[in-house]
Amino acid sequence: MSTVTDHNPEKDPEQWVTGDEPPTGPQESYLATLAREAGRDVPDNLTKAEASQLIDELQEQTGRGGRS
């Protein structure tokens, strides 16, 4: 019997050292795409961590998440 071990666990965005920095360009671009598809607005002045959390939420809403 084999056991699958997650060697690359995701760190909670709230724990990111750079989480309070502005979102990256790719985050902003992807957020705009997801928000448009979801019929939502992207709040101004998001942090990098907040952008990541919103991406996760919008991916789930739009079915783009790829996670089960």
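Tabulated results
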{"read-out": "Per-residue ³J(HN,Hα) for the stretch 46-61, Karplus 6.51 cos²θ - 1.76 cosθ + 1.60, θ = phi - 60°, Hz, x for Gly and Pro", "value": "5, 8, 4, 5, 5, 4, 4, 5, 5, 4, 4, 4, 6, 4, 5, 5"}
{"read-out": "Against the rule of thumb 2.2 N^0.38 Å, how large the Cα Rg of the stretch 19-68 comes out", "value": "1.05"}
{"read-out": "Trypsin sites (Lys or Arg not before Pro) within the stretch 34-68, DSSP loop, no more than 11 other Cβ atoms inside 10 Å", "value": "Arg67"}
{"read-out": "Accessible area, probe 1.4 Å, largest first, for residues Glu60, Glu21", "value": "Glu60, Glu21"}
{"read-out": "Total formal charge among the other residues, if their Cβ is under 10 angstrom from that of Pro23, Lys/Arg +1 and Asp/Glu -1", "value": "-2"}
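The values are calculated or read from the model by the stated rules, or taken from the named source; none is laboratory data. All of these numbers come straight from a predicted model, not from anything done at the bench. For neighbour counting, all protein chains shown are included, and Cβ atoms are generated from backbone atoms with ideal geometry for every residue, glycine included. Note: accessible area is taken over every heavy atom of the protein model, side chains too, but ligands, DNA and RNA are not part of it. Shrake-Rupley method; radii C 1.70, N 1.55, O 1.52, S 1.80 Å.
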